[in-house]
Amino acid sequence: MRINQYIASAGITSRRKADEYIEDGRVRVNGAVLTSPGYHVEEGDIVEVDGVRITPAERKVYYLLNKPAGYVTSTADKEGRPLVTELVPDEVRVFPVGRLDLNTTGLLILTNDGDLSNKLMHPSHEFSKRYLVRAQGIVTRAEAARLEKGIDIGGFVTSPADVHLLKHDRNSTLAEIVIHEGKNRQVRRMFKAIGHPVLELCRTGIGNLEIGRLAVGQCRKLSPAEVESLRKAVK
Ligand code: URA
């Protein structure tokens, strides 16, 4: 990054004024007064303005990933399994917002915006989360109604949910479920509680965000409008 941009993004002054600071000998790089306004800051450079070290504000990035099965929702894994962070461009370090189980696929947000991430995960913001579920056996309407009403999943009764039974064959049922909370392995525990263990699970939406046609393993940047709508939703 060019030095004047670096100084501006640290919130010290505008780019134009930063050039004046350089001319006036107020800027040092690695201890030496900078004489070249065209200098490009390198990783590891120590930049000082008026004797005070500065660091630029980190640019915030927001990705929507269609997580494949077998990827760990984390930035590190002791067992060396593949990480969701390996599937986004590594221009800046990002971390996942919330968690999907190892074998769950679908919509995952990754960002370096800690503030927004904390707000999104706070239980007071009841974001709807939509999942496509393939469950073992044929789920009846009465069983779906138990899920909708709220069900004990072991020390916790879930809050009301919406369930649509989409289709079934002889061995399994395809359903959509919308929940408003995020207990550990919640959807799997809910279907297990009605006697129909989950065979496949995919998150298709969070709030206004949809996985759409994004292929498994692919990611895209959230649009400014999508980021803004998330911000508004957690205000
Ligand atoms: N519910 C689950 O059971 N697993 C997930 O990964 C997400 C929601």
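The values are calculated or read from the model by the stated rules, or taken from the named source; none is laboratory data. Since this is a predicted model, take the numbers as computed values, not measurements. Glycine gets a Cβ as well: all are built from the backbone with ideal geometry, and neighbour counts include every protein chain shown. Side chains are part of the model used for accessible areas, which takes the heavy atoms of the whole protein and leaves out ligands, DNA and RNA. Shrake-Rupley method; radii C 1.70, N 1.55, O 1.52, S 1.80 Å.
Would you mind finding the one in GLY70, GLY154, GLY98 that is modelled with pLDDT under 95, assigned by TED's automatic domain parsing to the domain that holds LYS221 and on the phi > 0 side of the Ramachandran plot? Show your work before the answer.
Details: GLY70 fails: modelled with pLDDT under 95; GLY154 fails: assigned by TED's automatic domain parsing to the domain that holds LYS221.
Of the residues listed, the single one that is modelled with pLDDT under 95, assigned by TED's automatic domain parsing to the domain that holds LYS221 and on the phi > 0 side of the Ramachandran plot is GLY98.
Within the group THR158, THR173, which residue is open to solvent by less than 20 Å² (accessible area, probe 1.4 Å), more than 14 Å from the ligand (Cβ to nearest atom), β-branched (Val, Ile, Thr) and more than 16 Å from the chain's Cα centre (by Cα)?
On the way: THR158 fails: more than 14 Å from the ligand (Cβ to nearest atom).
Just a single option satisfies the conditions, and that option is THR173.
From the list GLY106, GLY137, GLY114, GLY155, pick out the single residue that is over 24 Å from PRO197 (Cβ atoms) and of a type outside the set (A, V, I, L, M, F, W, C).
Working: GLY106 fails: over 24 Å from PRO197 (Cβ atoms); GLY137 fails: over 24 Å from PRO197 (Cβ atoms); GLY155 fails: over 24 Å from PRO197 (Cβ atoms).
The unique qualifying residue is GLY114.
Right, ALA225: more than 15 Å from the ligand (Cβ to nearest atom), among the small types (Gly, Ala, Ser), in a helix (DSSP H, G or I) and within 30 Å of PRO89 (Cα to Cα) or not?
Values: more than 15 Å from the ligand (Cβ to nearest atom): yes; among the small types (Gly, Ala, Ser): yes; in a helix (DSSP H, G or I): yes; within 30 Å of PRO89 (Cα to Cα): yes.
Considered against the rule, which asks whether it is more than 15 Å from the ligand (Cβ to nearest atom), among the small types (Gly, Ala, Ser), in a helix (DSSP H, G or I) and within 30 Å of PRO89 (Cα to Cα), ALA225 comes out as yes.
The conditions are (1) more than 13 Å from the ligand (Cβ to nearest atom); (2) in contact with a helix residue (DSSP H, G or I) (Cβ under 9 Å, 6 or more places away or on another chain), and ALA144 fails exactly one of them. Which is it?
Only one criterion in (1) more than 13 Å from the ligand (Cβ to nearest atom); (2) in contact with a helix residue (DSSP H, G or I) (Cβ under 9 Å, 6 or more places away or on another chain) is unmet by ALA144, namely (2).
Checking the condition among the small types (Gly, Ala, Ser) and either under 18 Å from ASN184 (Cβ atoms) or crowded, with 22+ Cβ neighbours inside 10 Å (or both), which residue from GLY114, GLY80, GLY106, GLY70 passes? Steps first, answer last, please.
Details: GLY114 fails: either under 18 Å from ASN184 (Cβ atoms) or crowded, with 22+ Cβ neighbours inside 10 Å (or both); GLY80 fails: either under 18 Å from ASN184 (Cβ atoms) or crowded, with 22+ Cβ neighbours inside 10 Å (or both); GLY70 fails: either under 18 Å from ASN184 (Cβ atoms) or crowded, with 22+ Cβ neighbours inside 10 Å (or both).
Answer to the selection: GLY106.
Give the stretch 11-25 a look and list any residue that's of a type outside the set (S, T, N, Q) and either part of a helix (DSSP H, G or I) or surrounded by fewer than 17 Cβ atoms within 10 Å (Cβ to Cβ) (or both), or say none. First the steps, then the outcome.
We begin by selecting, within the stretch 11-25, every residue of a type outside the set (S, T, N, Q); these are 11-12, 15-25.
Result: GLY11, ARG15, ARG16, LYS17, ALA18, ASP19, GLU20, TYR21, ILE22, GLU23, ASP24, GLY25.
Look through the stretch 186-235, keep the residues that are of a type in the set (Asp, Glu) and surrounded by 13 or more Cβ atoms within 10 Å (Cβ to Cβ), and return whichever of them is farthest from ASP152 (Cα to Cα).
First, the residues of the stretch 186-235 that are of a type in the set (Asp, Glu): 200, 210, 226, 228.
Applying the additional criterion that residues be surrounded by 13 or more Cβ atoms within 10 Å (Cβ to Cβ) yields 200, 210, 226.
Numbers: GLU200: 21, GLU210: 29, GLU226: 34 Å.
Checked the stretch 186-235; the qualifying residue farthest from ASP152 (Cα to Cα) is GLU226.
With the checklist (1) within 23 Å of LYS221 (Cα to Cα); (2) open to solvent by less than 70 Å² (accessible area, probe 1.4 Å); (3) of a type in the set (D, E, K, R) in hand, flag the one item ARG99 doesn't pass.
All conditions are met except number (2).
Where the second residue is open to solvent by less than 40 Å² (accessible area, probe 1.4 Å) and within 9 Å of the ligand (Cβ to nearest atom) and the first is without any contact (Cβ under 8 Å) to a residue 60 or more places away in the chain and over 14 Å from THR204 (Cα atoms) and lies in the stretch 177-188, which pairs have Cβ atoms under 8 Å and are six or more apart or on separate chains?
GLN186/ILE179
Given the conditions (1) more than 15 Å from the ligand (Cβ to nearest atom); (2) out of contact with any helix residue (DSSP H, G or I) (no Cβ under 6 Å at 6 or more places or on another chain), report the number of the one that LEU165 does not fulfil.
(2)
From the set of residues in the stretch 192-221 that are aliphatic (A, V, I, L, M) and over 13 Å from the mean Cα position of the chain (by Cα), which is farthest from GLU86 (Cα to Cα)?
ILE194
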